[in-house]
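Novice: I have a structure I would like to understand better, so I am pasting it below and will then ask my questions one at a time.
Readers should treat all values here as calculations from the given coordinates under stated rules, not as data from a laboratory. Because the structure is predicted, anything quoted here is derived from the model rather than measured. Reconstructed Cβ throughout: ideal geometry from the backbone, glycine too, with neighbour counts over all protein chains shown.
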């Protein structure tokens, strides 16, 4: 049967999406399921790994059914995922020994402080390109080892697999035959040496994490596993591409040349710039990422992650209950000319790039008796754009390059209001492509390259199409005045929670 499609599994923080793409990089069919988040203590965030897996199964079935696609028509599967979120499961039964600890979770902040006190912060940063923060996987693993009954005994008995979400999905799709990860996901664990391209023996010693629980390292493009017929509708399909969501989105945006940058507007925000084949250490609060490994070639990126992007809008909906959906937030924002001096700093789980304060907490400043829900809604929307500027300025300082434009993707880019304000506060053009499910598209392209569905990056780059460009039209003095007040508001959020 003719291979017509690539399946992309996009497992995110708030839900799972499966998309079937055709050879032109167009969406053929799509399915989505939300996943539940758990907040057992302030600053703690978890998912049920079985819930994640069941949504993957349900979405793959629905995407094939709705698209009238026989699994034999699928050339390959690509996987992209929320990064850093950490699962430990039993090797013999496949059962998780604890919930998935989400990347947003702050529970291991004290472990990070201890690593810093021992003098490991700079060596770890030099080896991994990352800062020592509860965001990354290593200290989440350490917390599970210290706090989950029986965990250490099972590890000693070689009965534990550790993985981020990509590894968990591949393990289940293959019925436990493959325990693997790609280099981009591995680079977000705080355990991979991005220079030697291996799990770092010194860091493993400092953290007490044994290498035998870690997945095998695989290139981001190329066959790394196969589905088991008992799991995947009677078919053996190559899993030929995998990358963390922001790496995949950068690839989907065809940022193949040094200096090209994109921002993904999801639950979190992630600005990433391709810096080529040599890593650049950041001096301005960014991380240096291993972007992807294809064949023998490794490329790197500067990245600034913002924990709370679209999640601020979800908080207005689910926490404060002042909006019914994200579209309403955009509508409310346009009913007022400005925020009335209100700034919302959504440091709900600390604040990361470029500030890196695990103990920052959210704050709203500038409230008066005249403040309305419209002002609050607009301040939440604007916070997304301000945080993006924080990171882009750091990126320009590190790279020595002034950004000429910004490619954008993710759910929040549907808001013309937000995209226009983003262009205004940056003072550069913002480019929104036709397809905004860019992480899924990137996973699709990586998998397609891995099986020869597409022959080259040049062929892929020709498929990128712009849907709308937003030009800045705000007065420069006004732009700088607004941004200066944002910086004042951010300072008020620092070091609020006690260690």
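Novice: With an 8 Å cut-off on Cα pairs and a minimum separation of 6 or more residues, tell me the relative contact order of the chain in percent.
Specialist: 15
Novice: If each of residue 230 and residue 216 carries a label point 7 Å out from its Cα toward its Cβ, how far apart are those two points in nm?
Specialist: The answer from the label model is 2.0 nm.
Novice: Suppose a student asked you for the relative contact order of segment 5-246, using Cα pairs under 8 Å spaced at least 6 residues apart; what percent would you report?
Specialist: About 20 percent, as a whole number.
Novice: Can you divide the C-alpha Rg of segment 275-391 by 2.2 N^0.38 Å and report the result to two decimal places?
Specialist: This ratio for segment 275-391 stands at 1.31.
Novice: Along each of the three principal axes of the Cα atoms of segment 5-246, give the extent in whole Å, ordering the values from largest to smallest.
Specialist: 57, 37, 32
Novice: So how much slack lies between residue 68 and residue 485, counting 0.36 nm per residue of separation and subtracting their Cα-Cα distance, in nm?
Specialist: So the chain would gain 144.8 nm between residue 68 and residue 485.
Novice: R0 = 41 Å: FRET efficiency of residue 148 with residue 331, Cβ-based, nearest 0.05?
Specialist: Once the sixth-power term is evaluated, E becomes 0.35.
Novice: Would you please put 187-200, 470-483 in order of how densely packed they are, using the mean number of other Cβ atoms within 10 angstrom per residue and starting with the highest?
Specialist: In descending order of packing, they fall as 187-200, 470-483.
Novice: Find the percent of Cα-Cα distances in the chain that exceed 28 Å, and round it to a whole number.
Specialist: Value for the chain (Cα pairs over 28 Å): 50 percent.
Novice: A follow-up question, please. Efficiency by 1/(1 + (r/R0)^6): what FRET value for residue 54 and residue 475, r their Cβ-Cβ distance, R0 = 45 Å, to the nearest 0.05?
Specialist: Working: r = 52 Å, r/R0 = 1.15.
E between residue 54 and residue 475, to the nearest 0.05, is 0.30.
Novice: State the Cα centre-to-centre distance between segment 216-243 and segment 1-41 in whole Å.
Specialist: 15
Novice: In addition: By average Cβ neighbour count within 10 Å, what is the ranking of 427-435, 161-169, 16-24 from highest down? Could the numbers behind the result be given before it?
Specialist: Values: 427-435: 18.0, 161-169: 27.2, 16-24: 20.9.
Highest to lowest by the protection proxy: 161-169, 16-24, 427-435.
Novice: So if I average 1/r over every pair of distinct C-alpha atoms in segment 342-499 and take the inverse, what Kirkwood radius in Å does that give?
Specialist: Taking every pair of different Cα atoms in segment 342-499, averaging 1/r and inverting gives 17.8 Å.
Novice: Please give the length that would be gained between residue 402 and residue 198 if that part of the chain were fully extended, namely 0.36 nm times their separation in residues minus their C-alpha to C-alpha distance (nm, one decimal).
Specialist: The span from residue 402 to residue 198 would gain 70.1 nm if fully extended.
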